[in-house]
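Presented below is the structure to which this report refers.
The values are calculated or read from the model by the stated rules, or taken from the named source; none is laboratory data. Bear in mind the structure is a predicted one, so any value in this text is a computation, not a measurement. No Cβ is skipped: glycine too gets one built from the backbone with ideal geometry, and neighbour counts run over all protein chains shown.
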Amino acid sequence: MNLIKEIDFVYFGSCIQYFKNYKIFLKSIFKKKPNYIFFSGTSFFHDKLSKDYIVVKQTNYLPNTIYLFFFNLNNFIKFMNLNGYNLVFFETNKSAKINYKNFSHFLKKTEYLDILFKKK
């Protein structure tokens with residue numbers, strides 16, 4: 001029994017980077033055709049790398065080993081566009097101070113962002 005008839009707003013609060021099959025999961029969300037999809041507290045990089053993401057090891061919970069994705073911002077926006085969503089807002093998330101200096105030798109710019117997409 002499907003109780004959800006319509007979804008207006010989907011919120012990913014600093015979590016999509018931990019989804020192993022994030023594209024498959026997002027495609028299941030797209031089927032519900034929400035008007036807005038918001039990704040908060042997510043690491044994105046700007047670079048000429050053609051990769052959609054890189055996998056990094058989170059070290060602030062040692063001795064636990066946690067892996068997550070840093071997303072290529074341009075490719076992420078293209079993926080959302082191809083699935084019927086336009087970027088309408090983005091800004092730096094100021095709730096946490098993320099140190100990206102370990103990545104500066106191979107990534108041009110990395111940011112912790114809040115981004116909002118609206119259905120076309």
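Do we have any residue at all in the stretch 78-87 that's under 16 Å from Lys119 (Cβ atoms) and in contact (Cβ under 8 Å) with a residue 60 or more places away in the chain? No, the stretch 78-87 has no match at all. Residues in the stretch 24-49 that are exposed (fewer than 12 other Cβ atoms within 10 Å of the Cβ) and within 25 Å of Thr92 (Cβ to Cβ): Lys48 alone. Note on the stretch 24-65: among residues that are of a type in the set (A, V, I, L, M) and not in a strand (DSSP E or B), the one that is modelled with the lowest pLDDT is Leu49. Selection of the stretch 86-103 for residues being in contact with a helix residue (DSSP H, G or I) (Cβ under 8 Å, 6 or more places away or on another chain) and either surrounded by 14 or more Cβ atoms within 10 Å (Cβ to Cβ) or modelled with pLDDT under 95 (or both) yields only Leu87. Of all residue pairs spaced 6 or more apart or on separate chains, those with beta-carbon atoms under 7 Å, a first member in the stretch 104-120 that is more than 16 Å from Ile77 (Cβ to Cβ) and modelled with pLDDT of 90 or more and a second member that is in a loop (DSSP other than H, G, I, E, B) and among the polar types (S, T, N, Q) are Tyr112/Asn93. Taking the conditions exactly as written (touching a helix residue (DSSP H, G or I) at 6+ places or on another chain (Cβ under 6 Å), within 22 Å of Lys120 (Cα to Cα), part of a strand (DSSP E or B) and at pLDDT 95 or above), does Leu68 satisfy them or not? When the stated conditions are applied, Leu68 does not pass them.
Only a single item in (1) out of contact with any strand residue (DSSP E or B) (no Cβ under 7 Å at 6 or more places or on another chain); (2) more than 27 Å from Ile7 (Cα to Cα) is not met by Phe30, and it is number (2). Would you check if Val10 is on the phi < 0 side of the Ramachandran plot, touching a residue at least 12 places away in the same chain (Cβ under 8 Å) and in contact with a Ser or Thr (Cβ under 9 Å, 6 or more places away or on another chain)? Spelling it out, it is not the case that Val10 is on the phi < 0 side of the Ramachandran plot, touching a residue at least 12 places away in the same chain (Cβ under 8 Å) and in contact with a Ser or Thr (Cβ under 9 Å, 6 or more places away or on another chain). All of (1) more than 28 Å from His105 (Cα to Cα); (2) in contact with a strand residue (DSSP E or B) (Cβ under 6 Å, 6 or more places away or on another chain) hold for Tyr18 with one exception: (1).
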